[in-house]
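All remarks here apply to the structure that follows.
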Amino acid sequence: VVPAEAAAPAPAKPPRKLNLRDALAIAIESNREHIAQKESLYVTALGLTGTQYAFSPRVAAALAYTFGGDDSGAHADLANLSASVAQRLPWGGEASITAGSSFATSSDPLLPNLFDSSVAIRLTQPLLRDAGHEVAWEALKQAERSVIYAIREFELFRENFSIDVASRFYNLVEQKQGLENQRRNLEDFVFGRKQAEALFSVGRTSELEVLRARRSELTSQNSLIEAEEGFRLALDRFRIFLGLPDTEAVDVQNEEPAFVSVDYDVESAVSVALENRLDWLNRREQLEDAERGVRIAKNGLLPDLTLSLGYDVSAPGDRSFAHQGLDDGSYSAGLSLGIPLQRVNERNSYRAAQIGLARATRFVAQFKDDLVVSVRSTFRELERRKQSLEIQAQLITDQEKNVKIAQLRFDQGNFSNRDVVEAQQALLDAQNALIREKVGYEIARLGLLRDLGILFIDAKGMWKE
């Protein structure tokens, strides 16, 4: 029996190469934290709809049927239908209208089948405590503001999220280009080792130079292996961050950030931040909430004085529903006064509101100071990175010349192999540093636009220049 050949393994699927726009679009759709933030915003909006319902006309209806009897066989039926509508009034009162109709039947021939209907109108209005639009509609106003705050926080999260994706993406590009530099560096060391061996074979250099060249080659090879493993691990973590399955490998395109000069005036930028920055707008309006809370808590110290008005009309029982006449009317009016003999809880709430206002005032002042310092610091960082970019570019030019000179003098026997190795390592460090500065400058620039409140993110997570 000839065993069947084992099935050949399926060829590995090539990794999906992503540019920055691809990474942002995927992260917006499948990143777990981004999805959770959207859900939180949705839940906050649901809370607003519930509060709005409490301040809109509230309609209710009920239908009831009761059957009763005894052992003698007598029985009676009662059907009842009622409906009501209630509305909270602008100054804290409430008005309601309730209408009901019932139909009663009985097995007793002396008791006729009768319809009975009534309509009741009620109005209650607090005159001191809980009176006034600000107090009465505080729950709705705060719910609406909470949604506004949540929307701003979510938009700020989207801005930070896009910057985070860009930072992760560019760090991978930096690692990938660092790998390419490391590979070229290894090729130079391999060439240097072969050159040292050739020179040693003709007696133009010492065995020590050969051993040093081999050690440099092995060290560079080991560094490359570690860098490759680190890059693979970083790609896996980026894939998990994007929310992609483990069956889909990813890679990044060599997309370096373009240099965009920032030419804003510092003080003008501070003014823009104080007008547009989203979290600053929230802090300012939350201070207004605290001020309003003090006024509402103070209102809670007042006595309870309530005006009540009512009017009822009813129809006497009639055999026909259509012939009922709502002729019997009555009205009522009253005032009730609650004497504030004890207001411990209300007093404590008022004092707590005052403390909360003082705390919010200090917090807003500190937030403003931190914001101004942060904007100015970011400008200084951008200027430093801009100068560092120019320095690194000049360093690379100088180090490339240094490597050529060291190699030439080594060929002539005037330099040792150590000088060549040091020159090549200095060039590698300068190349890697240039990439880091490019990435750092772009991330700092995006952070500045976010702090100024002028970083606008589209539906795919990409910022608009």
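The values are calculated or read from the model by the stated rules, or taken from the named source; none is laboratory data. None of these values were measured; they are calculated from a predicted model. Neighbour counts are summed over all protein chains in view; Cβ atoms, including those assigned to glycine, are modelled from backbone coordinates with ideal geometry. Just the protein is used for accessible areas: all its heavy atoms, side chains included, with ligands, DNA and RNA removed. Shrake-Rupley method; radii C 1.70, N 1.55, O 1.52, S 1.80 Å.
Annotations for the structure displayed:
- Matching label, Kirkwood radius over Cα pairs in Å computed from the structure shown, candidates (1) 31.0; (2) 23.4; (3) 26.0: (1)
- Whichever lysines have a C-alpha closer than 27 Å to that of residue 298, once near sequence neighbours (fewer than 8 apart) are set aside: 141
- Label point distance in nm, residue 304-residue 405, each placed 7 Å from Cα along Cα→Cβ: 9.3 nm
- Lys, Arg +1 and Asp, Glu -1 on Cβ, resulting dipole of the chain about Cα centre, debye, nearest 20: 1460 debye
- Candidate lysines - alpha carbon under 23 Å from residue 404, same-chain residues fewer than 8 apart omitted: 194
- Bridging of residue 386 to lysines at a Cα separation below 25 Å is possible for 176, 401, 438, 464, once same-chain residues fewer than 8 apart are set aside.
- For the residues 311, 149, a 1.4 Å probe over the protein chains yields an accessible-area ranking, largest first, of 311, 149.
- For residue 54 and residue 148, the FRET efficiency from 1/(1 + (r/R0)^6), where r spans their Cβ atoms and R0 equals 22 Å, is about 0.70.
- Heavy-atom accessible area ranking, 1.4 Å probe, most first, across 34, 133: 133, 34
- Across the chain, the longest run free of exposed loop sites, meaning trypsin sites (Lys or Arg not before Pro) lying outside DSSP classes H, G, I, E and B with no more than 10 other Cβ atoms within 10 Å, spans 1-318.
- Neighbour net charge for residue 182 - beta-carbon separation under 15 angstrom, K R +1, D E -1: -4
- Between residue 204 and residue 275, full extension at 0.36 nm per residue minus the direct alpha carbon distance yields a gain of 18.3 nm.
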